[in-house]
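The values are calculated or read from the model by the stated rules, or taken from the named source; none is laboratory data. Keep in mind that what you see is a predicted model, and the values were worked out from it rather than measured. Please note: Cβ atoms are built from the backbone with ideal geometry, for glycine as well, and neighbour counts cover all protein chains shown. Ligands, DNA and RNA are excluded from the accessible area calculation, which covers all protein heavy atoms including side chains. Shrake-Rupley method; radii C 1.70, N 1.55, O 1.52, S 1.80 Å.
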Amino acid sequence: QSALLPPQDVIDKVLDNYFVLNKPRDIVSGDFYWIANAHDKVYVCVADCTGHGVPGAFMSMLGMALLNEAVNIDGIAEPGKILDYLRMQIIRTLHQTEETSIVKDGMDIALFSIDFKEMKMEYAGAHNSLYLVRENELVEFQPDKMPISIYYNMHDFKTNIVNLEKGDLI
C-alpha cells in the first residue's frame, strides 16, 4: 500500500512548504493521501475509507486508482466533478444499491486543486472539511454531508472557489 502513496520527491516537485502526518494503526490502513499535477493545477486529497486494516487498505487502493483515472486519464479537472466520478465508480465497482447495500463501504474525502498562476483554489469535500489559515484566522470550508458511496440523499458535490493570498496555509 505504501508503494502507492506519493513519495516525498514527487511532492517536492509541486509543493514548497508542506508536511505529511500519516500514522496508520496497522501495517495497512484505510487512510490515504494523494497528489497529482495536471491541467496546470496541483491536486491534493486526503481520505478516510471505511474499515481498518486490510478492508480499509483495499478501499484506499481503489480510491487512489480511481482518482488517477479521473484526473490523469479521463481529464476531469473540477474537484466536485472528480468526487461525483469517484462516487459513481465506487457504487458501480462495489455493486451498491439502496436495496442490497447493508454495509455502505466508501470514503470521506477533502480534495482541492491549486492554480498557482491564478492563485485560486477549488475544494470539494465528502464529510471532510478544508481548513485555511490566513493572517492567524482559521476559516473552515464545509463539505457536502454525504460520503463517496451509496447514500440516501445524493446530489452533485459542490466545488468551492477560493482566492488565495501569499502566506495562506491549507
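Criterion applied to Leu83, Leu94 was being touching a residue at least 24 places away in the same chain (Cβ under 8 Å) and within 14 Å of the chain's Cα centre (by Cα), and the one residue passing it is Leu83.
Remark: Ile76 matches the filter, which requires a residue to be surrounded by 14 or more Cβ atoms within 10 Å (Cβ to Cβ), touching a helix residue (DSSP H, G or I) at 6+ places or on another chain (Cβ under 6 Å), farther than 19 Å from Phe32 by Cα and modelled with pLDDT of 95 or more.
Considering segment 112-170, the qualifying strands (runs of 3 or more DSSP E), each wholly inside and each with 1 or more residues that are over 23 Å from Val14 (Cα atoms), run over 120-126, 137-141. Just one residue in the set Gln142, Gln96, Gln89 is open to solvent by 70 Å² or more (accessible area, probe 1.4 Å) and not acidic (Asp, Glu); that residue is Gln142. The residue list Ser2, Ser29 contains one member that is open to solvent by less than 40 Å² (accessible area, probe 1.4 Å), of a type in the set (S, T, N, Q) and either assigned to a loop (DSSP other than H, G, I, E, B) or without any contact (Cβ under 8 Å) to a residue 60 or more places away in the chain (or both), which is Ser29. Checked against (1) in contact with a strand residue (DSSP E or B) (Cβ under 9 Å, 6 or more places away or on another chain); (2) outside any strand (DSSP E or B); (3) in contact (Cβ under 8 Å) with a residue 24 or more places away in the chain, Asn22 passes all but condition (3).
Count of segment 38-49 residues, restricted to those that are open to solvent by 10 Å² or more (accessible area, probe 1.4 Å), under 14 Å from the mean Cα position of the chain (by Cα) and of a type outside the set (A, V, I, L, M, F, W, C), is 1. Condition (residue is modelled with pLDDT of 95 or more and not in a helix (DSSP H, G or I)) applied to segment 55-69: is it met by at least one residue? Looking for residues that are modelled with pLDDT of 95 or more and not in a helix (DSSP H, G or I), one finds none in segment 55-69, hence no.
Beta carbons closer than 7 Å, at least 6 apart along the sequence or on distinct chains, pair a first residue in segment 153-169 that is closer than 18 Å to Tyr18 by Cβ with a second that is of a type outside the set (Val, Ile, Thr) and part of a loop (DSSP other than H, G, I, E, B) for Leu164/Met119.
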